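What follows is a single structure, and I will ask about it in a moment.
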Amino acid sequence: MGAPIEARAGGGATGPGGETLGDAVHARIRADILFGRLAPGARLRLDEASRRYGVSVGTMRELLNRLASEGFVVAEAQRGFEVAPASATEFREIAALRRLLEGHALALSFAAGDLDWEARVVAAHHKLAVTEQRLLAGTEADPTLLRHCDRAFHQALTSACGSRVLMETLGTIHDRYLRYLSLAAISRGEASIREHADLRACALARDADRATRILTVHIDGCLDCALADGPPAWASGPVPPDAPQAAASGRDAPARPKSGRAARRR
C-alpha cells in the first residue's frame with residue numbers, strides 16, 4: 001500500500017492546501033463508495049479499513065460515523081459499519097429530491113448570476129462536453145472523469161443561488177444520485193450531451209422555467225434507463241410495482257430517449 005498517509009502528509013494534521021488528514025481520507029472513502037469500488041452492503045471492519053486507508057482505528061471510526069450521517073454508510077450497534085445498501089426505491093426518492101432542490105436552486109441562481117457566474121457555467125460545460133464526446137468516441141476510457149465533470153457543471157449552474165445550506169444539501173443529494181449512476185453503469189450518450197448543452201443555453205438566456213423542465217427529463221431519463229429492465233443486480237429490493245413512472249412536463253422540453261437495453265452503457 002505504500003507509506004502510511006500520515007507520513008505522506010508530512011506527519012502533521014494538514015496536507016497540501018490546508019486539507020486535514022481526516023478530510024483527505026474521508027474524500028477517498030466517499031469516492032470509493034460513489035464510484036462502486038466499495039459495493040453496497042460491504043462490511044467496513046475498523047481494523048481492515050484503518051490499514052487500507054492508513055489511519056488509526058479511532059480516526060476511522062470518526063470518519064465512518066461522518067459518512068453514516070451523510071447517508072453513505074450504515075452504523076449498527078452490534079455489526080459495526082457497512083456501505084449503505086442500494087435499492088430502486090431509494091434511487092427514485094433521491095431523484096425526486098434532486099429534482100426539487102436543484103430546480104429551486106436553478107431558479108435562484110439564474111436570477112442572481114452575474115458575468116463571472118456565466119463564465120463558470122461556460123467553462124464547466126466546455127470541459128464536460130469535451131469529456132462526453134471523448135467517451136462517446138472511445139478516446140477516453142475513464143467514466144469517473146465524466147461523473148466529476150457532470151457534478152462540476154451542475155454545481156456551476158446553481159452556484160449563484162445565494163444559499164450555502166442549499167448548495168451543501170444539494171451536493172450530498174447529487175453525490176448519492178451519482179452513486180446510483182455508477183452502480184447502474186449507464187450512459188444516455190447523445191441525449192445527455194444535448195440536455196447539458198440546452199441547460200447551458202438556458203443559463204445564458206436566464207430561462208429558468210425551461211431549464212427546470214430539461215432537468216426533469218435529464219434526471220428521469222437516467223432513472224428510467226437504470227430501472228427499465230426490472231430489478232437491477234445492484235439493488236437490494238425490487239422496483240415497486242406501483243411506483244410512478246417519471247414524466248417530463250412542458251412543451252419545449254427535449255424528447256425522452258428510449259430506456260432499457262437499447263441505451264448505451266459504459
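Each value in this text was obtained by applying a stated rule to the coordinates, not by laboratory testing. Worth saying up front: this structure is predicted, and the values here are computed from it rather than measured. Cβ coordinates were reconstructed from backbone atoms using ideal geometry, including for glycine residues, and neighbour counts include every protein chain displayed.
Grab the Cα-Cα distance for ALA111 and LEU136, subtract it from 0.36 nm times how many residues apart they are, and report the gain in nm with one decimal.
So the extension gain works out to 5.6 nm.
Would you mind computing, in nm to one decimal, how far apart the modelled labels at GLU93 and THR20 are, each placed 7 Å from Cα along Cα→Cβ?
Inter-label distance under the simple model: 2.9 nm.
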